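These notes concern the structure reproduced below.
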Amino acid sequence: MSEMLQKLWDNGILQLGIWETVYMTFISTFFAYLFGLPLGVLICVTSKDGIRPVTWLNRILDVLVNIFRSIPFIILMVAVLPAAKLIVGTSLGNKAMIVTLVLAAIPYVARMVESSVKEVDKGVIEAAQSMGASELDIIRKVLIPEAKPALIVGAVISLVTILGYSAMAGTIGGGGLGMIAITYGYQRFNSEIVWICVALTIIIVQLIQEFGMRIAGKTDKRTA
Amino acid sequence: MIELKNISKIYKTKKSEFAALNNVSLTINDGEIFGIIGLSGAGKSTLVRCINFLEKPTGGHVIIDGSELGKLKKKELLKLRRNIGMIFQGFNLLEQRTVLKNICFPLEIAGVPKADAEKRARELLQLVGLSDKEKAYPSQLSGGQKQRVAIARALAPEPKYLLCDEATSALDPDTTRSILELMRDINKKLDVTIVVITHEMKVIDSICDRVAVMDSSVVTEVGDVAEVFAEPKSDIAKKLILPELKTVESITGGERIRLIYNGESSFSPLLSNIVLASGVPLNILYAQTKDIEGRAYGEMILQLPEDSRSASRVRNYLKANNIAYTVLEGGAENVGDASKAVG
């Protein structure tokens with residue numbers, strides 16, 4: 001172990017980096033779903049073959065999501081920093097990073113949710129309609145519960161993507177393993193630190209993936 | 001009573017219009033099992049969806065027990081739908097819910113307390129013979145069991161009507177029979193009026209009281225099953241009622257006639273009598289017995305000799321004895337399948 005790595009470990013910087021990465025990722029994903037889930041469902045419901053087609057609204061939401069999805073994250077992140085300042089009062093630190101991550105991840109999450117909800121069998125929706133279910137009943141009792149396994153798989157993929165974003169946030173003042181890799185590794189020509197951060201990230205991703213898939217498999221009653 | 005008055009459904013695309021239903025009028029009486037038969041694309045699925053307004057007709061009126069669906073507010077329509085259960089070819093169960101929870105689903109929507117809903121669901125499971133499956137998930141059931149669950153679910157809000165959209169088309173013959181028996185039971189025991197959509201004549205003749213025949217977006221004939229079966233008027237009805245008689249262009253020989261008899265007239269003396277009285281050999285191309293509304297109906301397709309004098313002797317005998325028969329036109333349609341006839 002190099003001197004630098006030893007120092008980072010002894011000062012608790014590396015441990016803090018791991019914690020910050022995990023915490024930023026989960027908090028951001030949570031808030032991204034808080035907004036992205038309803039948005040994705042709304043896009044699905046208002047689409048032409050949805051349960052309540054509203055063409056103009058669907059078109060607007062669709063275009064908005066596409067615009068935000070097509071901006072590279074690192075640019076979007078800088079662009080939404082003023083918004084972060086407005087919401088949490090600062091454009092630096094993990095709080096601000098969480099806001100930018102959430103804003104950047106909402107459109108991504110909305111697309112994930114939309115594609116999962118779209119997979120729900122049209123026949124089942126029709127059956128619910130034949131029983132006198134309202135649109136709200138169908139969303140709450142059919143679309144979301146029936147899409148649950150796919151939604152969980154989507155959430156796992158989103159977590160991993162947002163973890164990737166959070167590393168990029170290290171370049172503009174966020175914490176976590178990304179920041180350590182850039183500040184202590186890349187900028188000081190210490191490739192060992194970079195590789196350690198990469199390895200730690202891989203481990204975190206593996207754990208998320210493994211647990212997430214296990215939960216998704218357990219929830220899915222189609223393969224009982 | 002379900003009244004359909006001049007129902008039309010026109011699908012518009014940018015370039016063309018397609019009429020799925022063209023001025024269809026039907027009345028379905030309380031307590032009966034009403035069949036709607038037709039080939040795929042005839043419009044029967046669209047028609048049944050007009051009954052509960054899953055499809056809004058573009059013209060005409062749907063009137064159920066006096067209330068016109070087109071004039072109802074959305075809330076009233078949703079409430080009225082609880083009085084009309086529906087089952088489907090694809091079962092359409094909620095895959096992530098247990099059997100019991102599936103049956104509770106319409107009750108949940110109606111705001112029935114959970115305990116009451118589960119009690120009702122268990123009663124229905126017993127009715128459809130699946131009491132041991134309440135904790136199972138749909139993926140663990142066979143097709144017939146899934147349809148039973150779907151029936152129980154449709155009956156949960158105690159509807160007056162049950163719509164069946166090709167409900168047995170995905171099932172094997174044995175399972176089809178048991179599901180049809182269940183439907184007949186429900187009709188008798190619970191006094192539920194049933195509307196059956198199918199492309200299979202056997203479904204119609206095993207449970208229906210009355211039948212409407214559909215072809216290319218219109219109803220071509222309506223009547224008691226026994227009547228329509230004995231004397232199909234429209235070409236499509238003939239085709240559907242005689243599905244076994246595939247088109248064989250190459251068959252030659254004399255005229256073919258179709259005799260219908262019901263359980264009260266004994267058939268074998270009839271045939272022997274014809275042969276003895278007219279002194280003409282007859283060729284049996286096809287024969288079968290069907291059970292329609294509990295009575296045995298037989299049909300037989302005979303080929304008369306080629307020479308016209310013998311043939312007219314047979315016809316004269318039938319006329320003299322008041323035996324109804326229909327002449328099957330030769331050529332493309334309604335020609336007996338020779339290979340089947342030999343076997």
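Structure above, values below:
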{"read-out": "Computed over chain B: relative contact order in percent, which uses C-alpha pairs under 8 Å that are six or more apart", "value": "18 percent"}
{"read-out": "DSSP-defined antiparallel bridges as percent of all bridges, chain B, nearest 5", "value": "65 percent"}
{"read-out": "q = 0.11, 0.12 Å⁻¹: log10 I(q)/I(0) that the Debye formula gives for the range B:2-234, counting C-alpha atoms only", "value": "-0.56, -0.67"}
{"read-out": "Helix runs (DSSP H) in chain B reaching 15 Å along axis by Cα, Kyte-Doolittle at least 0.5", "value": "B:99-109, B:267-278"}
{"read-out": "Choice from A:K48, A:K95, A:K118 showing the highest fluctuation, given a GNM over chain A with Cα pairs closer than 10 Å", "value": "A:K48"}
{"read-out": "Computed helical MRE - 222 nm, chain B, DSSP H runs ≥ 4 contributing -39500 (n - 2.57), nearest 500", "value": "-10500 deg cm²/dmol"}
{"read-out": "Relative contact order computed over the range B:103-246 (Cα-Cα under 8 Å; 6+ residues apart), in percent", "value": "17 percent"}
{"read-out": "Candidates B:L171, B:L180, B:L318: whichever shows maximal mean-square fluctuation once chain B is modelled as a Gaussian network with Cα springs under 10 Å", "value": "B:L318"}
{"read-out": "Chymotrypsin sites (Phe, Trp or Tyr not before Pro) within the range A:130-224, DSSP loop, no more than 10 other Cβ atoms inside 10 Å", "value": "A:F189"}
{"read-out": "Interchain or long-range residues, amide H under 5 Å from B:L21's placed H", "value": "B:K9"}
{"read-out": "Overall form of the protein assembly as shown per C-alpha gyration tensor (a/c, 1.5; a/b vs b/c)", "value": "prolate"}
{"read-out": "Inter-chain Cβ neighbour average for residues A:109-122, partner chain, 10 Å", "value": "1"}
{"read-out": "Principal-axis tilt of helix A:55-70 within chain A, Cα atoms, nearest 10 degrees", "value": "20 degrees"}
{"read-out": "Within 10 Å of each Cβ in B:137-144, the average number of Cβ atoms from other chains", "value": "2"}
{"read-out": "Reachable lysines from A:K95, criterion Cα separation under 28 angstrom, eight or more residues apart if same chain", "value": "A:K7, A:K85"}
{"read-out": "Per-pair calculated FRET efficiency, R0 = 45 Å: B:T27 and B:V327 via Cβ, rounded to 0.05", "value": "0.90"}
{"read-out": "Chain A: relative contact order in percent, alpha carbon pairs under 8 Å with at least 6 residues between", "value": "25 percent"}
{"read-out": "Bins of 10 Å, starting at 0 and running to the largest distance - Cα pair percent for the range A:3-223", "value": "8, 29, 29, 20, 10, 3, 1, 0"}
{"read-out": "Neighbouring partner chain Cβ atoms per residue of A:14-27, average, 10 Å criterion", "value": "0"}
{"read-out": "DSSP bridge orientation in the protein assembly as shown - percent antiparallel, rounded to nearest 5", "value": "65 percent"}
{"read-out": "Potential lengthening between A:K122 and A:Q15 on full extension [0.36 nm per residue; Cα-Cα distance subtracted]", "value": "33.7 nm"}
{"read-out": "Peptides A:23-36, A:80-93, B:201-214 ordered by average Cβ neighbours within 10 Å, highest first", "value": "B:201-214, A:23-36, A:80-93"}
{"read-out": "Counted charge near A:Y184, where neighbours are those whose Cβ lies closer than 15 Å (Asp, Glu -1; Lys, Arg +1)", "value": "-2"}
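Each reported figure results from applying straightforward, stated rules to the coordinates on display, with no laboratory input. Every value quoted in this text rests on a predicted model; they were computed, and no experiment measured them. Because the Cβ atoms are built from the backbone with ideal geometry, glycine has one as well, and the counts that use them run over all protein chains shown.
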